[in-house]
1. Might you let me know whether segment 83-90 holds any residue that is open to solvent by 40 Å² or more (accessible area, probe 1.4 Å), within 27 Å of GLY44 (Cβ to Cβ) and of a type in the set (Lys, Arg)?
2. Could you check how many residues of segment 164-194 are under 21 Å from ALA92 (Cα atoms) and out of contact with any Lys or Arg (no Cβ under 6 Å at 6 or more places or on another chain)?
3. So which residues in segment 200-229 are outside any helix (DSSP H, G or I) and either on the phi > 0 side of the Ramachandran plot or modelled with pLDDT of 95 or more (or both)?
4. Looking at the structure I just gave you, is GLY176 farther than 25 Å from GLY101 by Cβ and not charged (D, E, K, R)?
5. Quick one: count up the residues across segment 139-163 that are more than 21 Å from the chain's Cα centre (by Cα), modelled with pLDDT of 90 or more and open to solvent by 70 Å² or more (accessible area, probe 1.4 Å).
6. Taking only segment 73-112 into account, find how many residues are within 18 Å of LEU128 (Cβ to Cβ), among the polar types (S, T, N, Q) and touching a residue at least 12 places away in the same chain (Cβ under 8 Å).
7. Does segment 61-82 hold any residues that are more than 21 Å from the chain's Cα centre (by Cα), surrounded by 10 or more Cβ atoms within 10 Å (Cβ to Cβ) and within 27 Å of LEU111 (Cα to Cα), and which are they?
Amino acid sequence: MTTTSERFDAAHPRQSTLAERLAHVRWIAGGTGAGKSTVADRLGELFDVAVVHGDPAEPGWIARSGPEHPNLFALSRLPPGSFWAGRTAKQAYRATPSVHGETLAHLVQDLLALPADRRILVDYFGVLPRHVAPLLSRPGQAVFLLPTAEWRHGVMLGRHGPVVDEILAKRLVRDGMWDARVRKQAHRLGMPVISVDGTRSGAATAAEVAEHLDLGPAHGPRDSGHGGH
């Protein structure tokens, strides 16, 4: 004989939480120049997990944003390359959509549209610990890679040329502000942070990330070379 509570539960099935629906997802986030994409691709091969890179999806998120995501929506109305014009580094930081969780909202929509029968590893800069925490079943589902200022400076010069122009100087300051916010939030929430200064191989960093994310035994080909930027 069923109880009233059991009959109610059967008639009103509980909706799965986002954390439950995203339990198969692992996150690699952090700062620019920390080697997130390199690590994610390495782990995708070693552990046979699907890798989702957030950066290439950003133009699509901007295109489908509306007033409910004001900072992303503002980008859709800016001429290409004009985000930094007339802004200080602090103003650029405040106008960065990821600071307000706007890009994560679109990323979650994309993840929910993918099959859930295979583990997914997300590689994306624009994830703050406090925004992703409600999407996790445990803190170790997300790892944050943060470069030292010196390492990022070298990486950015390698990407954009040997001269630090006005825009690159602003970006370096903005990214430093982002990293400080990530580190503070991750510490408060008990999420793992790995510092990157170029003294460790990409394989060693990937192994530490895999341990934090509890990816299990590797079964792909191992690469002992140094990771990229």
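The values are calculated or read from the model by the stated rules, or taken from the named source; none is laboratory data. These figures come from a predicted structure and were not determined experimentally. Using ideal geometry, Cβ is built from the backbone for each residue, glycine included, and neighbour counts are taken over all protein chains shown. For the accessible areas, the whole protein counts, side chains as well, though only heavy atoms, and no ligand, DNA or RNA atoms are used. Shrake-Rupley method; radii C 1.70, N 1.55, O 1.52, S 1.80 Å.
1. No, segment 83-90 contains no residue that is open to solvent by 40 Å² or more (accessible area, probe 1.4 Å), within 27 Å of GLY44 (Cβ to Cβ) and of a type in the set (Lys, Arg).
2. 21
3. ASP214, GLY216
4. For GLY176, the condition - farther than 25 Å from GLY101 by Cβ and not charged (D, E, K, R) - is not met.
5. Within segment 139-163, residues that are more than 21 Å from the chain's Cα centre (by Cα), modelled with pLDDT of 90 or more and open to solvent by 70 Å² or more (accessible area, probe 1.4 Å) number 1.
6. Here the count works out to 3.
7. Matches in segment 61-82: ALA74, SER76.
Yes/no matrix, rows are residues, columns are (1) among the charged types (D, E, K, R); (2) under 30 Å from HIS219 (Cβ atoms); (3) in a strand (DSSP E or B):
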{"site": "VAL51", "(1), (2), (3)": "no, yes, yes"}
{"site": "PRO80", "(1), (2), (3)": "no, no, no"}
{"site": "ARG87", "(1), (2), (3)": "yes, no, no"}
{"site": "ALA92", "(1), (2), (3)": "no, no, no"}
{"site": "LEU107", "(1), (2), (3)": "no, yes, no"}
{"site": "LEU111", "(1), (2), (3)": "no, yes, no"}
{"site": "PRO134", "(1), (2), (3)": "no, no, no"}
